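Take a look at the structure set out below.
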Amino acid sequence: MARIQIGTESIYYTRTNDQALTILLFIHGSGGNHKSWPDCLRSLEKIGVVLMDLPGHGLSSGSGRTTVLEYADFVDDFVSAMGLSRVIVAGHSLGGAIVLELALKQPDWLAGLVLVGTGARLRVHADILNGIGQDYPKTVDLICRWAFGPDASKELIDGSRKALLDTDPGVTRGDFIACNAFDVAPQVGDIPYPTLIVSASDDRLTPSKYGAYLNQHIKNSQFCLIQRAGHMMTIEKPEAFMDSLTVFIESVP
């Protein structure tokens, strides 16, 4: 567990295998934090794992952003401040949009992409976008009902509910505004990086057709569909996610 200062913001992160030449950086989704990724990631060998909280989320200070590009610029600054030189970036939902934006920027440090429960465009249901400002707890309940598949435990759902409730409603709303305005569909065919795309069969927030679209248009991509999981597939079915991730990492030059 550590912190790094980026401008006026104190950013929380965890890191394993400090001497590893390749780093896997994980970026969470709207209103979330680093706990939306499974604990078993820390067991990966021969590769460093960095889990971070975006500004205004989790244990990080600062302000959330309202565009995906602003978040991508922040992640670029984070990687530079950390002194990382070869990074595979994984993003879930909003995090995946941030990864796509980074891929279009093509920073020197980027080596590969992992896109989880995300799409080239991310329209947000009006009940979520409008409800956050009207009744945040009620809207969080709605998000959690839509975010999980049929096998999710009450413990998992309650954990995600708590994470959202602990995030400032203005930050969460800014995240969803950023998602709603995001659209790089005309550009994803230009992405040159090896890419893993992970979708879930029961994802109501970002249906698997969004992942299939990315797979069709990103030339050097692999597609994994996790069965009986929803939008929070990484913690619902961590073994299936880890299997696909491990195979992908071994395929990245």
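The values are calculated or read from the model by the stated rules, or taken from the named source; none is laboratory data. No experiment lies behind these values; they were computed from the predicted model shown. Methodologically, a virtual Cβ is constructed for each residue, glycine included, from the backbone with ideal geometry; neighbour enumeration extends over all protein chains shown. Only protein heavy atoms, including side chains, enter the accessible area calculation; ligands, DNA and RNA are left aside. Shrake-Rupley method; radii C 1.70, N 1.55, O 1.52, S 1.80 Å.
Which members of segment 15-50 meet the condition of being under 17 Å from Trp109 (Cα atoms), out of contact with any Ser or Thr (no Cβ under 9 Å at 6 or more places or on another chain) and assigned to a loop (DSSP other than H, G, I, E, B)? Steps first, answer last, please.
Start the filter on segment 15-50 by keeping residues that are under 17 Å from Trp109 (Cα atoms), which leaves 18-27, 47-50.
This time we only want the ones that are out of contact with any Ser or Thr (no Cβ under 9 Å at 6 or more places or on another chain), so: 18-20, 22, 24-25, 27.
Residues satisfying the conditions are Asp18, Gln19, Ala20, Thr22.
Against the condition assigned to a loop (DSSP other than H, G, I, E, B), open to solvent by less than 70 Å² (accessible area, probe 1.4 Å), hydrophobic (A, V, I, L, M, F, W, C) and out of contact with any Ser or Thr (no Cβ under 8 Å at 6 or more places or on another chain), how does Val140 come out, does it pass? Steps first, please.
Numbers: assigned to a loop (DSSP other than H, G, I, E, B): no; open to solvent by less than 70 Å² (accessible area, probe 1.4 Å): yes; hydrophobic (A, V, I, L, M, F, W, C): yes; out of contact with any Ser or Thr (no Cβ under 8 Å at 6 or more places or on another chain): yes.
Taking the combined requirement at face value, the residue does not satisfy it.
Out of curiosity, is Arg123 basic (Lys, Arg), at negative phi and part of a helix (DSSP H, G or I)?
On the way: basic (Lys, Arg): yes; at negative phi: yes; part of a helix (DSSP H, G or I): no.
So Arg123 fails the test.
I need the full set of residues from segment 104-121 which are open to solvent by less than 10 Å² (accessible area, probe 1.4 Å) and of a type outside the set (Val, Ile, Thr), in order please.
Gly112, Leu113, Leu115, Gly117, Gly119, Ala120 - these are the residues of segment 104-121 that are open to solvent by less than 10 Å² (accessible area, probe 1.4 Å) and of a type outside the set (Val, Ile, Thr).
Suppose we filter Asp175, Asp203 for residues that are open to solvent by less than 20 Å² (accessible area, probe 1.4 Å) and in contact with a Leu (Cβ under 7 Å, 6 or more places away or on another chain); which single one remains?
Asp175
Only one of Gly170, Gly189 is within 24 Å of Leu54 (Cα to Cα) and small (Gly, Ala, Ser); which?
Values: Gly189 fails: within 24 Å of Leu54 (Cα to Cα).
The unique qualifying residue is Gly170.
Pairs, please: C-beta under 6 Å, at least 6 apart or cross-chain, first residue under 22 Å from Val247 (Cα atoms) and in segment 193-214, second at pLDDT below 95 and open to solvent by less than 40 Å² (accessible area, probe 1.4 Å)?
Matching pairs, first to second residue: Pro194/Val252.
Could you list, in sequence order, all residues of segment 146-168 that are assigned to a helix (DSSP H, G or I), surrounded by fewer than 22 Cβ atoms within 10 Å (Cβ to Cβ), of a type outside the set (A, V, I, L, M) and within 19 Å of the chain's Cα centre (by Cα)?
Trp146, Gly159, Arg161, Lys162, Asp166
Taking segment 169-205 as the region of interest, how many residues are of a type outside the set (A, V, I, L, M, F, W, C) and assigned to a loop (DSSP other than H, G, I, E, B)? Explain how you work it out, then say what you get.
As a first pass, look at segment 169-205 and keep what is of a type outside the set (A, V, I, L, M, F, W, C): 169-170, 172-175, 180, 183, 186-187, 189-190, 192-195, 199, 201-204.
Those left that are additionally assigned to a loop (DSSP other than H, G, I, E, B): 186-187, 192-194, 201-204.
Residues in segment 169-205 being of a type outside the set (A, V, I, L, M, F, W, C) and assigned to a loop (DSSP other than H, G, I, E, B): 9 in total.
Within segment 138-195, track down each residue that is closer than 26 Å to Ile88 by Cα and of a type in the set (Asp, Glu).
Matches in segment 138-195: Asp175, Asp183, Asp190.
Of all residues in segment 228-244, count the ones that are open to solvent by less than 20 Å² (accessible area, probe 1.4 Å), within 16 Å of Gly159 (Cβ to Cβ) and not β-branched (Val, Ile, Thr).
Total satisfying the criteria: 4.
Can you give me the number of residues within segment 206-227 that are part of a loop (DSSP other than H, G, I, E, B) and surrounded by 18 or more Cβ atoms within 10 Å (Cβ to Cβ)?
Looking only at segment 206-227, we keep the residues that are part of a loop (DSSP other than H, G, I, E, B), and these are 206-207, 218-220, 227.
Those still in the list that are surrounded by 18 or more Cβ atoms within 10 Å (Cβ to Cβ) too: 206, 218.
Residues meeting the conditions: 2.
Identify the residue in segment 75-103 that is part of a helix (DSSP H, G or I) and open to solvent by 50 Å² or more (accessible area, probe 1.4 Å) and, among all such residues, is nearest to Arg204 (Cα to Cα). Let's see the steps before the verdict.
Restricting attention to segment 75-103, the residues satisfying the condition of being part of a helix (DSSP H, G or I) are 75-82, 94-103.
Adding the requirement that they be open to solvent by 50 Å² or more (accessible area, probe 1.4 Å) leaves 77, 80-81.
Numbers: Asp77: 33, Ser80: 35, Ala81: 36 Å.
Restricting to residues being part of a helix (DSSP H, G or I) and open to solvent by 50 Å² or more (accessible area, probe 1.4 Å), the top hit is Asp77.
If Ala185 satisfies all but one of (1) touching a helix residue (DSSP H, G or I) at 6+ places or on another chain (Cβ under 9 Å); (2) under 17 Å from Ile27 (Cα atoms), what's the number of the condition it fails?
Of the numbered conditions (1) touching a helix residue (DSSP H, G or I) at 6+ places or on another chain (Cβ under 9 Å); (2) under 17 Å from Ile27 (Cα atoms), the odd one out for Ala185 is (2).
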